[in-house]
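> The structure is given below, and queries will be raised subsequently.
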Ligand code: NDP
């Protein structure tokens, strides 16, 4: 295949996509998958050296140069989110997509003994940080010429409550609600589609923390769920809005 043909067939050529939780786990793989389809990815997470490792991998593969954006979504400071969006605006001018994938598991315990500090930490990162980020980047998504895609990461326990999943489960229910509201508010008037994606059980450190006795070798790998991640950022999903999707059969 000639280089011109190969480039033309790239699904995310010249798109600018923000990926949160890009330092490891599903987010790191999604960032790489988007870059392999021609996107410039902005890698957000707290652990700078792990973000840089993903950046280096993208460089080694000769893909569009990424950007590293160390940021704590649990910082509880709206001003910092506004500064973050301003920085992206200055450097890139717009966003064509955002995968809000970062999250924490918190405690696994019954609600009547769930620690308040753990509850607040999960809510700060998994709910408040998602809200503040979605709010601050909406004007950047609106500037996409392609119709931007905002993907919020959910979970099975965000669609049906399950004992001992505590704040994590409640936080993912909140994400589903936020997705439905944003999908109604942003699609028709601002050409931004908003969907939620449940990765399903996937071999990552979070999964190992949630199920320590499980054999990780039997789990789906992050690479195996990348087709739907790419699809949701590409023009193929232009008419998908307000949907609660699954990356794996239930
Ligand atoms: P991991 O724990 O492996 O990765 C989580 C990512 O989120 C890391 O990059 C981490 O980076 C980032 N992150 C955590 N807290 C913050 C914060 N305060 N600010 C910025 N970034 C943060 O999780 P997975 O890859 O397994 O999960 C990704 C998403 O998929 C999550 O939303 C999770 O709830 C969801 N999910 C996962 C499933 C699974 O089986 N793996 C199943 C269902 C849903 P850093 O520490 O550098 O900040």
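> What is the gain in length, in nm to one decimal, between residue 47 and residue 223 on full extension, counting 0.36 nm per residue of separation less the C-alpha to C-alpha distance? Mind showing how you got there, number by number?
On the way: separation 176, 0.36 × 176 = 63.36 nm, distance 2.14 nm.
Net length gain for the segment: 61.2 nm.
> Another question, if that's okay. Report P(r) for the chain: all Cα-Cα distances, bin width 10 Å, range 0 to the bin holding the largest distance, values in whole percent.
In whole percents, the pair-distance histogram is 8, 32, 39, 18, 3, 0, 0.
> Using 1/(1 + (r/R0)^6) with R0 = 22 angstrom and r between the beta carbons of residue 82 and residue 181, what's the FRET efficiency to the nearest 0.05? Before the final figure, lay out each step's value.
On the way: r = 21 Å, r/R0 = 0.95.
After rounding to 0.05, the efficiency reads 0.60.
> Now for a separate question. For q values of 0.15, 0.17, 0.25, 0.31 Å⁻¹, compute log₁₀ I(q)/I(0) with the Debye formula on a Cα-only model of the stretch 108-155, without solvent.
-0.55, -0.64, -0.95, -1.12
> Starting from the Cα of residue 240, step 7 Å along the direction of its Cβ; do the same at residue 135; then give the gap between the two resulting points in nm.
Placing both labels 7 Å along Cα→Cβ, they lie 2.9 nm apart.
> Kindly state, to the nearest 0.05, the FRET efficiency for residue 188 paired with residue 215, given R0 = 41 Å and r defined as their beta-carbon distance. It would help to have the intermediate numbers written out before the result.
Details: r = 47 Å, r/R0 = 1.13.
For residue 188 and residue 215, the calculated efficiency is 0.30.
> Also: Okay, helix-only estimate at 222 nm for the chain: each DSSP H run of n ≥ 4 adds -39500 (n - 2.57), divide by all residues, round to 500 deg cm²/dmol; what do you get? Don't jump to the answer; show the numbers that get you there.
Values: 9 runs with 107 residues, N = 250.
Here the helix-only value at 222 nm equals -13500 deg cm²/dmol.
> Using only Cα atoms and rounding to the nearest 10 degrees, what angle (0 to 90) does helix 78-92 make with the longest principal axis of the chain?
With rounding to tens, the tilt is 20 degrees.
> Based on alpha-carbon centroids, what's the gap between the stretch 57-87 and the stretch 209-224 in Å, whole number please?
Here the two parts' Cα centres lie 28 Å apart.
> What is the angle, in °, between the Cα long axis of helix 166-190 and the longest principal axis of the Cα atoms in the chain? Nearest 10 is fine, range 0 to 90.
Roughly 30 degrees, rounded to the nearest 10.
> Gain in length, residue 142 to residue 72, computed as 0.36 nm per residue apart minus the alpha-carbon separation, to one decimal in nm?
Using 0.36 nm per residue and subtracting the Cα-Cα distance, I get 22.8 nm.
> Okay, moving on. Considering every pair of different Cα atoms, what Kirkwood radius, in Å, is found for the stretch 53-92?
Numbers: mean 1/r = 0.0845 Å⁻¹.
Every distinct Cα pair counted, the radius reaches 11.8 Å.
> To one decimal place, what orientation-averaged projected area in nm² is obtained for the convex hull of the Cα set of the stretch 83-162? Walk me through the numbers on the way to the answer.
Numbers: hull surface 25.4 nm².
Its average projected convex-hull area is 6.3 nm².
> So, one more: Regarding the stretch 21-119, what is the average projected area of its C-alpha convex hull, in nm²?
7.4 nm²
> For the chain, find the longest principal axis of its Cα atoms and tell me its angle to the long axis of helix 129-142, 0 to 90°, nearest 10.
20 degrees
Readers should treat all values here as calculations from the given coordinates under stated rules, not as data from a laboratory. Small disclaimer: the values here were computed from a predicted structure and weren't measured. Virtual Cβ from ideal backbone geometry, glycine too; neighbours counted across all protein chains shown.
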